[in-house]
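> Just dropping this structure here.
The values are calculated or read from the model by the stated rules, or taken from the named source; none is laboratory data. Remember, it's a predicted structure, so these values are computed and weren't measured experimentally. Cβ sites come from the backbone with ideal geometry, for glycine too, and all protein chains shown count toward neighbours.
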Amino acid sequence: MATTNVPQIQFSATGYVSPSAPSVLQGVQLDINSAFGQNLNFGLTTPQGQLSSSWGAIIANCNAQFVFLSQMMDPAYSVGKWQDGIGRIYYMTRKASQPTSLQISCAGANGVQIPLNALLQDNAGNYYSCVATGTIPASGLVTLSFACTVSGPVAVPQTVTIVQAISGWDSATVISGVIGSVVEGQQAFETRRQDSVAGNSYGPVGAIIGAVAAVQGVLDYYGAANPTASPVTSNGVTIAAYSTYICVAGGTPSAIAQAIWSKKSPGSPMTGNTSVTVYDTNPLLSTPVPYTITYQIPSVLHVTFAVKIANNSLIPSTALTQVQNALISAFAGASLTANFTGSISGNLLTVTAISSGTIAVGQVVTDLTGAISANTTVSQLGTGTGGTGTYLVSISQTVPSEAMSSATPTTSSVPRARINSLLYAAQYVPTVAALGTWAKVISVQMGSPNTSDAVVLGYIVGTVMTVTQVTSGTIVLGDYVNDSASAIINGTSIFSFGTGTGGTGTYNVINTQTVGATFTGTGSGTNLTASAVSGTISIGDTIVGSGVPGSTTIISQSSGTTGGAGVYVTSNSTTSSGAALSSNKSISCYSANQTFIQVNANQVPQLVASQITLTTS
């Protein structure tokens, strides 16, 4: 029987263990010595040295491939087609990229129907299609879901316009949105597979979540139950006694409600802000039986980052854009990617044009022609720092100029920021550092309205924010400002003080806009007549001025132009008589000064480039 001195793969308690490359090489050299019966010189310039090195590398590579394939049997490590195979055991297929989803407040006349596939457009030219028919009620407002017509991450717009004119449909306002996702990655797929196991049961929250996770278009989800006889508050949400709480971002309300009903225990109450009627269509029933399903559509939690790196001569002019792109990708649980035109000569990659994304160290370079060697990675920056220029790659080869792509391996990605998650700033440090040797990270900090410097009542006209009341804290120069209705443009921040220096008064902000309103008001009981309106009065706004009790809010509008001159119903009786009043938003003022932030159970985190800053020290 033939024998060899090359060590074999061992099977241990932790799985298959491959011998080290030096030990394999030593075994090969012993075999060659034994075959030739003498003490050979294995210097790399000798034939036997080259033969043993090549032979050892081939064996080590085969060992690595065997260990890799054996690991693919474990769902915790499985990727690509192997993970797809495990998923098929559970009748799962990988979700394709999902479109950005918007919650739109549609204003208009009573009884007007907003049809399926009604179109809106944002300022960037993206179109959004209505995913479920809705009818405007007597209040003049109905909230409907719209989805971008292009799948993948598209920034949530601040404003949209109606593309198809429908008589009686006056306006569309973005309430909130969830940025779309790329093709489901390794971590997200495994999480959903785990949730799907619980989905085989009936009644528990896990069963409901398993069903909801499989709904087309669902971008994120969370569930909890309160089995006690008293309300329970957890991470910003109060769950009623004996109630089930399900929070879902994206998807069609009717499909989500049907999924919840299919797994929910009969009779148990639910907590949430959205109610949908579903029907039991069992053929044994004489008529379909209606059931009301209640769940939560989350609000948006705006997150900001402050990145500080060491000042050095290698920092490129595109540093801020690169950091923004990298953090937005990591925040969404996606790899940092790039699409470009390039060629490879030896170990030098030359990029002549870049169409999207950022090239970074550690990314795997691929093409559609198969000319690039498998597992080619960017090993070092040359003259390129994310865009055009030169880079060193791990494998020497010759590839003529062609379309190429690069991507950070999904196994090294940061988990996607999700509903009810705890986000640590430190976990994003490697994301920035991977951009190159120029990105010498000193600190990464985060912030959100959940950790605000101040909460105030105010309105914005042009670039001036007027603060009429301070609920808590002190406004700080440089603070970002945001309201729960997402009326304020993302990335709006305070760049200088006006008459205010931390409390009431005026502040100068970036981004020209009109949020809230000033008007002349006359009160009669809970009816407030507004005239000479500058801006837009919205349901939920707090009214401030002479003759208006504290904490008086707008409940509804009974007549007049929507958001303009007309009669409004207020939460308290007012005695104003031609007084100058203001319609105010509750505004959070916050900065990136935290090491971690908690996303509440009714919030979906969102990150845009304008809320990522980069400084040097």
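> Being of a type outside the set (A, V, I, L, M) and in contact with a helix residue (DSSP H, G or I) (Cβ under 9 Å, 6 or more places away or on another chain) is the filter here; which residues of region 266-278 pass it?
Passing the criteria: Thr274, Ser275, Thr277.
> Oh, and also: Check Ile32, Ile58 and return the single one that is out of contact with any Gly (no Cβ under 9 Å at 6 or more places or on another chain) and within 24 Å of Asn375 (Cβ to Cβ).
Result of the check over Ile32, Ile58: Ile58.
> What are the residues in region 404-440 that are of a type in the set (D, E, K, R), under 30 Å from Ala213 (Cα atoms) and modelled with pLDDT of 90 or more, if any?
Of everything in region 404-440, just one residue is of a type in the set (D, E, K, R), under 30 Å from Ala213 (Cα atoms) and modelled with pLDDT of 90 or more, namely Arg418.
Conditions tested, residue by residue: (1) at pLDDT 95 or above; (2) in the same structural domain as Val218 (by TED's automatic domain parsing); (3) not aliphatic (A, V, I, L, M).
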residue: Thr522; (1), (2), (3): yes, no, yes
residue: Gly550; (1), (2), (3): no, no, yes
residue: Thr562; (1), (2), (3): no, no, yes
residue: Val569; (1), (2), (3): yes, no, no
residue: Val599; (1), (2), (3): yes, no, no
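> Is one or more of the residues making up region 408-429 crowded, with 16+ Cβ neighbours inside 10 Å and more than 30 Å from Gln606 (Cβ to Cβ)?
Scanning region 408-429 turns up no residue that is crowded, with 16+ Cβ neighbours inside 10 Å and more than 30 Å from Gln606 (Cβ to Cβ).
> If a residue must be in contact with a helix residue (DSSP H, G or I) (Cβ under 6 Å, 6 or more places away or on another chain) and either of a type in the set (A, V, I, L, M, F, W, C) or closer than 30 Å to Asn450 by Cβ (or both), how many such residues does region 382-410 contain? Full working, then the answer.
Our first condition is that a residue be in contact with a helix residue (DSSP H, G or I) (Cβ under 6 Å, 6 or more places away or on another chain); within region 382-410, this holds for 386, 410.
Cutting the leftovers down to either of a type in the set (A, V, I, L, M, F, W, C) or closer than 30 Å to Asn450 by Cβ (or both) gives us 410.
Residues meeting the conditions: 1.
> Quick check: anything in region 223-232 buried (at least 22 other Cβ atoms within 10 Å of the Cβ) and at pLDDT 90 or above?
yes
> Do any residues in region 291-307 that are over 18 Å from Thr492 (Cα atoms) have Cβ atoms under 7 Å from those of residues that are aromatic (Phe, Trp, Tyr) and surrounded by 22 or more Cβ atoms within 10 Å (Cβ to Cβ), where the two are at least six apart or on different chains, and which pairs are they?
Sorted first by the residue in region 291-307, then by its partner, the pairs are Gln296/Tyr245.
> Got a sec? Which strands (runs of 3 or more DSSP E) wholly within region 174-241 have at least 1 residues that are under 30 Å from Ser538 (Cβ atoms) and of a type in the set (S, T, N, Q)?
Details: elements: 218-225, 232-234, 237-239.
In region 174-241, 232-234, 237-239 are the strands (runs of 3 or more DSSP E) which contain 1 or more residues that are under 30 Å from Ser538 (Cβ atoms) and of a type in the set (S, T, N, Q).
> I'd like to check which strands (runs of 3 or more DSSP E) are fully inside region 421-499 and have at least 1 residues that are within 20 Å of Ala517 (Cβ to Cβ).
Working: elements: 422-424, 441-447, 454-473, 480-483, 494-497.
Strands (runs of 3 or more DSSP E) meeting the threshold: 454-473, 480-483.
> Look at Val351 and say whether it is buried (at least 16 other Cβ atoms within 10 Å of the Cβ), at pLDDT below 90, of a type in the set (A, V, I, L, M, F, W, C) and out of contact with any helix residue (DSSP H, G or I) (no Cβ under 8 Å at 6 or more places or on another chain).
For Val351, the condition - buried (at least 16 other Cβ atoms within 10 Å of the Cβ), at pLDDT below 90, of a type in the set (A, V, I, L, M, F, W, C) and out of contact with any helix residue (DSSP H, G or I) (no Cβ under 8 Å at 6 or more places or on another chain) - is not met.
> Return the residue satisfying two criteria in turn: it lies in region 324-340 and is in a strand (DSSP E or B) and hydrophobic (A, V, I, L, M, F, W, C), and of such residues it is farthest from Arg416 (Cα to Cα).
First, the residues of region 324-340 that are in a strand (DSSP E or B): 337-340.
Among the residues that remain, those that are also hydrophobic (A, V, I, L, M, F, W, C) are: 338, 340.
Working: Ala338: 19, Phe340: 26 Å.
Across region 324-340, the extreme among qualifying residues is Phe340.
> Within region 283-314, count every residue that is surrounded by fewer than 18 Cβ atoms within 10 Å (Cβ to Cβ) and part of a loop (DSSP other than H, G, I, E, B).
Of the residues in region 283-314, 11 are surrounded by fewer than 18 Cβ atoms within 10 Å (Cβ to Cβ) and part of a loop (DSSP other than H, G, I, E, B).
> Among the listed residues Thr388, Thr376, identify the single one that is β-branched (Val, Ile, Thr) and within 28 Å of Lys308 (Cβ to Cβ).
Details: Thr376 fails: within 28 Å of Lys308 (Cβ to Cβ).
Being β-branched (Val, Ile, Thr) and within 28 Å of Lys308 (Cβ to Cβ) holds for just one of Thr388, Thr376, which is Thr388.
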